[in-house]
Amino acid sequence: MRAINRTYAPIEAMLDELARCGVEHAVACPGSRNAPILLSLAAESRIRTWSVLDERSAGFLALGIAKTSGRPVVLTCTSGTAAANFLPAIAEARESRVPLIVLTADRPPELREVGAGQSIDQVKLYGSAAKWFVEVGNLEPGRESAVHHRALACRAWATAAGGRPGVVHLNLPLREPLAPVEEELDAETWQGRADGQPWVTLDEYPPSLVDPPDLAEELAQVGRGAIVCGAGGGEVRTSAAWVARLLGWPLLAEPTSGARCGDHDRSQVIAHYDALLRAPAWAAAHRPELVLRIGDTPTSKSLRTLLSETRQVLVDPYAGWHEPTRAAERVLVADPDALCREVGATLQRMPPPNRDWLDSWLGADALVPPALTAQPDPFEPKVYAALAEALPDDALVWVSSSMPIRDVETFFPSTKKPIHFLSNRGANGIDGVVSSALGAAAASDGHAYLLIGELALLHDVGALLAARRLGLELTIVCVNNGGGGIFDFLPVAEHADAEAYERLVATPSGIDLGQLAHGIGLRHVLGATPEELRAAIAEPGLVEVRTDRALSVERHRELFKRVARELEARVP
């Protein structure tokens, strides 16, 4: 490292340690107070730095990179309200267990609370959303400072990535010189370990809290059970499918779990559980005796209702208590994949199960695709379902909150094509969705797909400008239904004053997305049918699907009623 001066040397030492630990990406916003961080990042070849003008967008881009790569990402900005604009992304990262290392530049103590520009109280700025906060301090240059900053960086990495992943906030009160003006410092004083290893490494050997044979025996005694896979369960699709087959249980796979799509055994997968569980008589007749739940609770309201009435064993590697139903009688702190493999090893020595229970679920699941196909175009669920054929292998698909994630969960079919779904379902906001998808593109091959509604797109339209600056590509499928379509499904739409509801709740924008795309230099295509969609997504750009909000509600409800009639005819 160079050890330019007393301001730069500690930052260079921290970044050197973060790179040794495994940081590969940083997202940086411009500024003067954080210039030493920016220029030190520019000089650190092991960390790829993405420059984003808007702090809110930058926060979500960093979140998208971290969620896609699974590694902590550095996020940095200047002092003042710039740091406050990171909060939405930090809140989402906290709720969805995404590791971020936030480096906020700050005024030194002597310039705080005295009216200095770009100065706010940044101490514990993010409150409980940050897993760990450190006021880094100002030490005199020397070996003590070097060791302090190196060890601090290693702890920041380990804290962000370890246990329940989350956000580490390091607040750096930077004094002059902020410019890279050379000072007489001994560079050797600031060096790290000669072997290239981090200054501090952390090895965790958690005790096993589960006896897999006992768990296997418990599960095997239940004939009418189910496995529910949600996001955040890790790479568990193969082992969970194996356990489901050995038990003869349906595997209810939420798209972001990774278990719905891929070349693993999907013979037990139920993709359309949300539609099935909306049929009251059928749902009552198919209430499991026990559910083995892996990962977060899926979005589906009908599934959550079922879970609230059912015994559950929850596998949670982070002990995060992600259990809103309060019905789980056991929470197993264990790696889900390792646990499923060990449970499967015991189950395979037992007699094969009766398939009647499973066949009933599979037969019901098969009723939904024909009912969907029968709906006229354009219809949002048909748009999303058509992507199963249109997307390439290993496509990375970011799904917006609100209606897109619900329609994808309900209607996207199980397919052998490996498709990787991601979504911000921690805090469930529509802010920063485009930026998050850009982060996913940055962490992969520079391209990603985004499924989004027009309000969420407009909420983060500045990210489309960032995409051009960063050389990243998105293929955006935007359903434009003239407002917040999800609200039309809620009681407020029926009981509120119509004019007030439309103006203040549904909030149609009236913006022509084609003109918007043209102004940004983005390819724009209109699509209405599955065939048009398949052709349109072949290249990056904005694919707009225009639908009618009221008609969409009507068609959703008609489809669910049709499926319910067919299901309930099967109930004895």
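The values are calculated or read from the model by the stated rules, or taken from the named source; none is laboratory data. Model, not experiment: these values are computed from the prediction. Reconstructed Cβ throughout: ideal geometry from the backbone, glycine too, with neighbour counts over all protein chains shown.
Of all the criteria given as (1) crowded, with 20+ Cβ neighbours inside 10 Å; (2) outside the structural domain of P540 (by TED's automatic domain parsing); (3) closer than 24 Å to S423 by Cα, the one not satisfied by T305 is (1). Looking only at the stretch 412-465, filter to residues that are among the β-branched types (V, I, T) and in a strand (DSSP E or B); which one of those is surrounded by the fewest Cβ atoms within 10 Å (Cβ to Cβ)? Result: T415.
Per-residue answers, yes or no, for (1) among the polar types (S, T, N, Q); (2) over 25 Å from A91 (Cα atoms):
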residue: D121; (1), (2): no, no
residue: K124; (1), (2): no, no
residue: A129; (1), (2): no, no
residue: N138; (1), (2): yes, yes
residue: G142; (1), (2): no, yes
residue: V147; (1), (2): no, yes
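Remark: L516 falls outside the filter, which requires a residue to be of a type in the set (A, V, I, L, M, F, W, C), surrounded by 15 or more Cβ atoms within 10 Å (Cβ to Cβ) and more than 28 Å from the chain's Cα centre (by Cα). Just one of the listed residues (V434, V461) is among the hydrophobic types (A, V, I, L, M, F, W, C) and either more than 29 Å from I47 (Cβ to Cβ) or under 13 Å from the mean Cα position of the chain (by Cα) (or both), and it is V434.
Of the residues in the stretch 84-94, none is closer than 18 Å to W157 by Cα, β-branched (V, I, T) and out of contact with any Leu (no Cβ under 8 Å at 6 or more places or on another chain). Considering the stretch 236-294, the residues that are aliphatic (A, V, I, L, M), more than 21 Å from the chain's Cα centre (by Cα) and not in a helix (DSSP H, G or I) include one that is surrounded by the fewest Cβ atoms within 10 Å (Cβ to Cβ), namely L290. Among the criteria (1) closer than 20 Å to P250 by Cβ; (2) more than 27 Å from the chain's Cα centre (by Cα); (3) modelled with pLDDT under 95, the one L362 does not fulfil is (3).
Could you tell me whether any residue of the stretch 490-498 is on the phi > 0 side of the Ramachandran plot and part of a loop (DSSP other than H, G, I, E, B)?
Going through the stretch 490-498, the residues on the phi > 0 side of the Ramachandran plot turn out to be none.
Among the residues of the stretch 490-498, not one is on the phi > 0 side of the Ramachandran plot and part of a loop (DSSP other than H, G, I, E, B), which makes the answer no.
Counting only helices (runs of 4 or more DSSP H) that sit completely within the stretch 328-405, those holding 2 or more residues that are in contact with a strand residue (DSSP E or B) (Cβ under 8 Å, 6 or more places away or on another chain) correspond to 336-347, 356-365, 380-390. Within the stretch 512-534, residues that are assigned by TED's automatic domain parsing to the domain that holds V545 reach partners that are among the β-branched types (V, I, T) and surrounded by 14 or more Cβ atoms within 10 Å (Cβ to Cβ) with beta carbons closer than 6 Å, at six or more positions or on different chains, in the pairs V525/V543; G527/V543; G527/V545; L533/V383. When V168, V181 are checked against the criterion of being among the β-branched types (V, I, T) and touching a Ser or Thr at 6+ places or on another chain (Cβ under 7 Å), a single residue qualifies: V168. For the stretch 157-178, does any single residue satisfy the condition of being touching a helix residue (DSSP H, G or I) at 6+ places or on another chain (Cβ under 7 Å), surrounded by fewer than 20 Cβ atoms within 10 Å (Cβ to Cβ) and modelled with pLDDT under 95? For the stretch 157-178, residues touching a helix residue (DSSP H, G or I) at 6+ places or on another chain (Cβ under 7 Å), surrounded by fewer than 20 Cβ atoms within 10 Å (Cβ to Cβ) and modelled with pLDDT under 95: present. Candidates E176, E188: the one that is in a loop (DSSP other than H, G, I, E, B), over 31 Å from the mean Cα position of the chain (by Cα) and either closer than 30 Å to V315 by Cβ or not polar (S, T, N, Q) (or both) is E176. Looking at G225, G248, G232, just one residue is on the phi > 0 side of the Ramachandran plot and at pLDDT 95 or above, and that residue is G248. Scanning the stretch 56-89 for residues that are charged (D, E, K, R), surrounded by fewer than 24 Cβ atoms within 10 Å (Cβ to Cβ) and within 19 Å of V434 (Cβ to Cβ) yields a count of 1. When each of V563, V571, V505, V543 is tested for being over 17 Å from I452 (Cα atoms), crowded, with 18+ Cβ neighbours inside 10 Å and among the hydrophobic types (A, V, I, L, M, F, W, C), the lone residue that passes is V563. Return yes when A42 is touching a helix residue (DSSP H, G or I) at 6+ places or on another chain (Cβ under 9 Å), at pLDDT 95 or above and not charged (D, E, K, R) and no when it is not. Judged against the criteria, A42 is not a match.
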